[in-house]
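The values are calculated or read from the model by the stated rules, or taken from the named source; none is laboratory data. As the structure is a computational prediction, the values presented were derived from the model and not from experiment. Positions of Cβ are backbone-derived with ideal geometry, glycine not excepted, and every protein chain shown enters the neighbour counts.
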């Protein structure tokens, strides 16, 4: 008998998504640097990682024939989302070394803030905490505040003191920046991003509610009120959806975009807002409805398996990890986008007292119908159907994964993984979905 290899195995289609939590957690933690687990810059081998650096992916140009992107950097946003999972996750694997991981992450964040090599909102940093020549993203400092506040109860006095300093610097920046424009979630366009505004609102709300006393109390209150109003401005009643980006000029076919889902599950946009659910229904339909011009063929095949659909970024997306690729076909689904949509199902299911009214709402109705929710069902039945819908999305991610290793994207036709491998954010988004479940 020949030796059994992983590549010869076929994963179970419908499996218990919660059972994989420790494995997903371990895979995520592989991308977190410590003083004993270090990374070398593949472009500049003399550069070594500092503890607390969280690389986006181990992929870099030349490693794979169809990837020309270097992801061996620390993105402020991605790192904060990983730290948030370490601080709030319930799986025992995440608790192993959690205090040290968070202490190191805050130390790396402080180095990025104070080394004077880049602006505070620089989106991406080298593994030694020096600034990369990259775009500036105002969502990063906001998410770092959220994660640092979540870490505070786990830290020793020195760690809490450092966390306070990191939070204070980011707050000083946000107080002057939240009304301005920023690059969008995908670092492609500059305007007023619904995601950036939403996570900024979450950060200000968290600061207003914490025992930690920031020095900008009145400014925080004004920021909360302003951002709440600004988020409403993204609603386009004529189109029946939230716009992901305002004041950005010609952005192409950008909506409906998954940015809106992420603004709800990562930021402060209300998951039970009928306008959000109307947008979510359009997002799902464009990639799952075979009649849609941008539908992913793999979703039709997965539907016969009882799993999916997989979700992408926005209708006009063409990025596949290779910027020299001149493809003109539809883009591809992303693991983190699919996990975020599953998280939305779980969040809505967790509020049974609103389900009956929401399911009957004109705007929210299609969202519930897509999940197989019947208007006459009980709240408990509705919640169960919504959780099942989320599970089917996560099952599709697992089915198409490389034995739980998650790349950035899945091929829209074959379902095989593509683009950069072992994307840290993919793991963090999957764990966030399981936590919401």
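At a glance:
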| item | result |
| --- | --- |
| Residue in region 147-163 that is touching a residue at least 12 places away in the same chain (Cβ under 8 Å), crowded, with 19+ Cβ neighbours inside 10 Å, within 15 Å of residue 105 (Cα to Cα) and touching a strand residue (DSSP E or B) at 6+ places or on another chain (Cβ under 8 Å) present | no |
| Residue in region 61-73 that is buried (at least 23 other Cβ atoms within 10 Å of the Cβ) and at pLDDT 95 or above present | no |
| Residue 415 being under 17 Å from residue 307 (Cα atoms), in a loop (DSSP other than H, G, I, E, B) and within 21 Å of the chain's Cα centre (by Cα) | yes |
| Which listed residue, of 98, 33, 56, is in contact with a strand residue (DSSP E or B) (Cβ under 6 Å, 6 or more places away or on another chain) and in contact (Cβ under 8 Å) with a residue 12 or more places away in the chain | 56 |
| Odd one out for residue 110 among (1) more than 22 Å from residue 26 (Cβ to Cβ); (2) in contact with a helix residue (DSSP H, G or I) (Cβ under 7 Å, 6 or more places away or on another chain); (3) surrounded by 18 or more Cβ atoms within 10 Å (Cβ to Cβ) | (3) |
| In region 274-311, residue surrounded by the fewest Cβ atoms within 10 Å (Cβ to Cβ) [restricted to those that are part of a loop (DSSP other than H, G, I, E, B) and free of Cβ contacts under 8 Å to residues at least 60 places away in the same chain] | 291 |
| Candidates 248, 223, 230 - the one that is touching a strand residue (DSSP E or B) at 6+ places or on another chain (Cβ under 6 Å), more than 15 Å from residue 279 (Cβ to Cβ) and surrounded by 16 or more Cβ atoms within 10 Å (Cβ to Cβ) | 248 |
| Qualifying positions in region 390-401 - surrounded by fewer than 24 Cβ atoms within 10 Å (Cβ to Cβ) and either free of Cβ contacts under 8 Å to residues at least 60 places away in the same chain or part of a loop (DSSP other than H, G, I, E, B) (or both) | 401 |
| Answer from 103, 90 - the residue that is surrounded by fewer than 23 Cβ atoms within 10 Å (Cβ to Cβ) and part of a helix (DSSP H, G or I) | 103 |
| Some residue of region 347-360 being free of Cβ contacts under 8 Å to residues at least 60 places away in the same chain and either closer than 19 Å to residue 78 by Cβ or part of a loop (DSSP other than H, G, I, E, B) (or both) | yes |
| Meets criteria (at pLDDT 95 or above, outside any loop (DSSP other than H, G, I, E, B), over 23 Å from residue 71 (Cβ atoms) and out of contact with any strand residue (DSSP E or B) (no Cβ under 7 Å at 6 or more places or on another chain)) for residue 344 | yes |
| Per-region count, region 312-329, residues more than 17 Å from residue 414 (Cβ to Cβ) and either surrounded by fewer than 19 Cβ atoms within 10 Å (Cβ to Cβ) or out of contact with any helix residue (DSSP H, G or I) (no Cβ under 9 Å at 6 or more places or on another chain) (or both) | 8 |
